């Protein structure tokens, strides 16, 4: 099986909400290039980046994009960053995500985030 890489980037909007962006690439070098590009876009828009990491992963997400309206469907993810890895768990809704965040008492940083990107089967 071919190794793929995933860029996971968490940003925070003006309301304090945490948004996840995902970019799938074929190589680590491509992932790192995308990371620099996305960071530049978010920096220009003055959106704070909380976390950003390229990692080897079999997870596939729908194409990266921006919400065109507030009615765009959102997906919720519980994301745990530690020094070694990033663990991404899809959650059914915001409330479940926040409850999962409170339960995760391990090492590292845990975020409840939303995204317009969906996890692909």
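The values are calculated or read from the model by the stated rules, or taken from the named source; none is laboratory data. Model, not experiment: these values are computed from the prediction. Reconstructed Cβ throughout: ideal geometry from the backbone, glycine too, with neighbour counts over all protein chains shown.
For this structure, a couple of remarks:
- Qualifying residue in segment 90-106 (condition: surrounded by fewer than 18 Cβ atoms within 10 Å (Cβ to Cβ), touching a residue at least 12 places away in the same chain (Cβ under 8 Å), under 14 Å from the mean Cα position of the chain (by Cα) and not in a loop (DSSP other than H, G, I, E, B)): yes
- Matching residues in segment 36-56 - criterion: being modelled with pLDDT under 95 and outside any strand (DSSP E or B): 37, 38, 39, 40, 41, 42, 43, 44, 45, 46, 47, 48
- Candidates 7, 50, 78 - the one that is touching a helix residue (DSSP H, G or I) at 6+ places or on another chain (Cβ under 6 Å) and under 17 Å from residue 110 (Cβ atoms): 78
Per-residue answers, yes or no, for (1) surrounded by fewer than 19 Cβ atoms within 10 Å (Cβ to Cβ); (2) over 15 Å from the mean Cα position of the chain (by Cα):
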position	(1), (2)
4	yes, yes
27	yes, yes
35	no, no
38	yes, no
41	yes, yes
46	yes, yes
50	yes, no
55	yes, no
58	yes, no
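- Inspection of segment 64-73 finds no residue satisfying the criterion of being touching a strand residue (DSSP E or B) at 6+ places or on another chain (Cβ under 9 Å) and modelled with pLDDT of 90 or more.
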